[in-house]
Amino acid sequence: MNLLSHTADTRLATTRDSWQFRRVLVCFLALSASLPIAWISLGKLLLFIVALALFVAGLIQQRRDAALHKLRSTRLLLLILLLFSLSLFWTSADPDTALMAFVKHGKLLAIVLLASLIRSPRDAHAALLAFAIGQLCLLLVSWALVAGLPIRHLPANLGRGVVFSSYLDQSIIFATSAAVFWHLHPLKLWPRWLAALFALAALTSVFLVLIGRTAYFVAIAMLALAATWALPPKLRRAALLGAPLMAVAVLLAGPAHVQQRVTLIYSDIQSYSDKADISTSSGWRLNAWRRSVQAIAENPLAGHGVGAWTSTVKRLEGKAATQVFGAGRSSNPHQEYLLWGVELGVAGVVLLVLLHIALARDFSGFTEPVYRAGVSAVVALGVACLFNSTIYDGQIGDYFCLLIGLLLGLGLRADGSPAHRGPELRATAA
């Protein structure tokens with residue numbers, strides 16, 4: 001009897017230590033979303049090692065995460081990564097470039113792995129608090145730089161108010177986090193006034209300080225969703241239909257530099273249309289998108305394989321390829337949908353759209369605050385992918401994968417349901 005009691009105590013202590021370690025790792029990953037890419041890479045490495053160890057342990061003990069298996073996005077993400085891995089056999093890219101591109105796409109797996117490491121509401125709440133602290137510090141440092149306060153050990157010449165990475169990444173992050181902060185405040189993780197203050201400061205930074213044009217559209221989408229959900233249910237459909245008009249009104253009535261940046265898009269497009277000018281940001285994108293469409297048309301069924309975008313569009317560009325796309329082999333079209341289309345064919349574009357839909361449908365089964373925060377993150381990702389290779393890129397892609405994984409974990413465990421079902425759980429219940 002004493003031996004059985006000692007064994008049970010040992011198992012309980014081991015389980016408690018395991019949960020504590022997982023919670024620390026999840027909080028570190030949540031915090032790393034607000035840190036430079038080196039910290040995110042370290043967190044992802046630990047995530048993959050620990051998740052693999054837990055997966056093997058689950059197979060040995062005949063346990064499975066019942067809640068995680070209900071998600072539509074889980075199976076779709078695994079299918080997407082399987083197709084990217086299979087495309088290694090027919091890719092036109094060299095092996096090093098193809099493997100590097102596959103690793104970049106592989107960050108999508110972090111969504112599932114992070115959600116699987118969150119095993120309880122306490123884990124989820126601790127992780128969201130770590131994420132919030134990181135974002136608050138990032139926002140405060142950004143505004144301190146704007147105010148001209150001296151801050152050591154930060155990269156120089158990144159732009160006004162940019163802490164690290166780029167103005168593009170940081171502006172999209174602020175626009176998305178503003179929505180997440182606001183929609184999650186009913187969970188009492190932070191007070192309403194703090195959520196409102198963070199959202200106001202973050203959006204002010206997007207529109208008045210940072211110059212990322214993609215973030216303007218992301219921020220407007222976040223405001224449109226928030227305004228729609230604030231209306232009575234009968235008026236929400238009409239509000240969604242009027243969202244494009246709201247976007248135009250915000251851009252036209254916005255600050256002078258916002259209007260100037262938006263007007264610049266039109267002039268760049270006109271210049272590309274008249275003179276094929278690719279010296280501007282918009283002109284370069286339009287040319288890259290045109291070459292991408294040509295590449296998809298060449299092989300619409302299987303695509304050119306993972307990592308093959310640069311070599312394919314350079315071949316289509318001809319003699320000026322190096323001048324236009326650079327000497328490297330890992331460029332991208334600054335448009336995620338077209339990138340997947342070139343690599344996986346038309347199916348790649350369809351799969352990326354289906355991934356957004358599957359994630360939104362998964363969030364629809366959660367409580368209202370988690371649903372609204374999760375759908376906001378998915379919509380922000382979808383909008384950003386229209387103008388950049390958001391998932392493929394390092395900093396911003398990792399941010400979205402970590403954020404969506406955290407919100408899925410929060411939604412899955414919000415009701416206190418156990419993470420695993422297996423022989424041990426059934427025996428305990430009996």
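Quick look at the values:
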item	result
Additional length obtainable on full extension of the chain from LEU140 to ARG192, 0.36 nm per residue less Cα span	16.9 nm
Positive-end extreme of charge dipole, the range 297-395 - chosen from VAL313, LEU339, PRO300 (charges on Cβ)	VAL313
Neighbourhood charge, 12 Å Cβ-Cβ cut-off, centred on ILE296 and excluding it, Lys, Arg +1 and Asp, Glu -1	0
Among 44-56, 303-315, the order from most to least packed when residues are scored by Cβ within 10 Å on average	303-315, 44-56
Computed lengthening from LEU154 to ILE49, 0.36 nm per intervening residue step minus Cα-Cα distance	34.8 nm
Separation of the VAL346 and LEU86 label points, Cα + 7 Å toward Cβ, nm	1.8
Selected from VAL112, LEU79, ALA124, residue furthest toward positive end of dipole (the range 65-124; charges at beta carbon)	ALA124
Environment charge of ALA321, counting only residues whose C-beta is closer than 12 Å and scoring Lys/Arg +1, Asp/Glu -1	+4
Above-threshold pairs, the threshold being 29 Å between Cα atoms, out of LYS107/LYS314; LYS70/LYS234; LYS44/LYS70; LYS104/LYS314; LYS70/LYS104; LYS104/LYS188	LYS70/LYS234; LYS104/LYS188
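Read-outs throughout are calculated quantities, based only on the coordinates presented, and are distinct from any laboratory measurement. These numbers were taken from a predicted model, which means no experiment stands behind them. Neighbour counts run over all protein chains shown; Cβ positions are idealised from the backbone, glycine included.
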